[in-house]
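Enquirer: Okay, here's the structure, questions in a sec.
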Amino acid sequence: MAHQLLCCEVDTIRRGYPDANLLNDRVLRAMLKAEETCAPSVSYFKCVQKEIAPSMRKIVATWMLEVCEEQRCEEEVFPLAMNYLDRFLSLEPLPKSRLQLLGATCMFVASKMKETIPLTAEKLCIYTDHSVRPDELLHMELLLVNKLKWNLAAMTPHDFVEHFLSKMPVAPESKRIIRKHAQTFVALCATDAKFISNPPSMVAAGSVAAAVQGLHLGASSGFLAPHRLSRFLSTVIKCDPVASSRGAPSEALSPPAPQDCLRACQEQIEALLESSLRQAQQSPNPKAAEEAEEDLSCTPTDVRDVSL
């Protein structure tokens, strides 16, 4: 009889089912209140960092996204890792030579928070082409969590997408498609420093709106019509025009309307997508993707450019 008690879940990863009971207004209000407590500084490139520029962050973020995709990480891992990276850089000056180490460490910690089987230090070091040692990564992990005061359960745009979808009166299949595209936009936004100034709920709302627009799901009338969807999302996140444009000149005569903030965010996302697609068409690199299957240290993005 003893053999009947054996656990046979070793070969497959068991994940918890989404809990629909958490998709309610009370939880959403708590998330909207909590998102600002884990927000990075908008001006850390000017006020804190002496060597690191937005272009360097872009290179490392793109590499981190490639690693997460290669390892089939949960969708939440990459945005959460970028939240850790931006918050750390808001607090601590860092030599540009250690930016990839920080990026690897942020993925290491984020995967522990969100994955059933987290990324290992050894595997992440392989992805750095052994420019980082496991003991360095573990030391940086301790520094990271201390600097963040162990406040690791940060809100990311990914957390808000499901709340928006649960409130949208559209077919389940449409929700599935919108979710997939919105998650892609969320990851893309996390690679661009311009979106640091937007709260996660705003990025999530802009991503959902951009997904609907790009999929041509919104007719001139109906719930998914651009103006109706924009009004709905603005109401759901109760976006404050002032908070949504952090870093905007204080002498502005009048703050933009909530829908204008959301529309501006959506347009930024669409412009970023267009730019990324154009860049991908100009520099295709299928060979690197094939080699990555065999060599984990070979990702399309070469992070050594950061140190140049």
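The values are calculated or read from the model by the stated rules, or taken from the named source; none is laboratory data. Everything numeric in this text was worked out from a predicted model, so none of it was measured. Using ideal geometry, Cβ is built from the backbone for each residue, glycine included, and neighbour counts are taken over all protein chains shown. In case anyone asks, the SASA skips ligands and DNA or RNA and just uses the protein heavy atoms, side chains included. Shrake-Rupley method; radii C 1.70, N 1.55, O 1.52, S 1.80 Å.
Enquirer: Under a plain spin-label model, where a point goes 7 Å from the Cα along Cα-to-Cβ, how far apart in nm are Thr235 and Lys123?
Expert: 4.4 nm
Enquirer: Pairs Lys58/Lys194; Lys33/Lys238; Lys33/Lys114; Lys33/Lys58; Lys96/Lys194; Lys46/Lys96: which are spaced more than 18 Å apart, C-alpha to C-alpha? Let's see the in-between values first.
Expert: On the way: Lys58/Lys194 10 Å; Lys33/Lys238 11 Å; Lys33/Lys114 21 Å; Lys33/Lys58 28 Å; Lys96/Lys194 20 Å; Lys46/Lys96 15 Å.
Lys33/Lys114; Lys33/Lys58; Lys96/Lys194, as the Cα separations exceed 18 Å there.
Enquirer: Mind grabbing the accessible area of Phe108 for me, 1.4 Å probe, Å², rounded to tens?
Expert: Per-residue accessible area (Phe108): approximately 10 Å².
Enquirer: May I ask you to give the solvent-accessible area per residue for the stretch 132-197, in square angstrom, as obtained with a 1.4 angstrom probe? Don't skip to the end; give the middle numbers.
Expert: Working: 3070 Å² over 66 residues.
Result: 46 Å² of accessible area for each residue.
Enquirer: Give me a comma-separated list of calculated 3J(HN,Hα) values for the stretch 144-152, in order, Karplus coefficients 6.51, -1.76, 1.60 applied at θ = phi - 60°, integers in Hz, x for any Gly or Pro.
Expert: Values per residue, Gly and Pro as x: 4, 5, 6, 5, 8, 6, 6, 8, 9 Hz.
Enquirer: Report the label-to-label distance for Asn24 and Glu267 in nanometres (one decimal), using points 7 Å from each Cα along the Cα→Cβ vector.
Expert: 4.0 nm
Enquirer: Test of understanding: what is the full-extension gain from Lys33 to Leu152, defined as 0.36 nm times their sequence separation minus their Cα-Cα distance? Don't skip to the answer; put the middle values down first.
Expert: Details: separation 119, 0.36 × 119 = 42.84 nm, distance 1.59 nm.
That pair, Lys33 and Leu152, stretches by 41.2 nm at full extension.
Enquirer: Can you work out the FRET efficiency for the pair His227 and Arg15, with r the C-beta to C-beta distance and R0 = 35 Å, to the nearest 0.05?
Expert: Taking R0 as 35 Å, the efficiency between His227 and Arg15 is 0.40.
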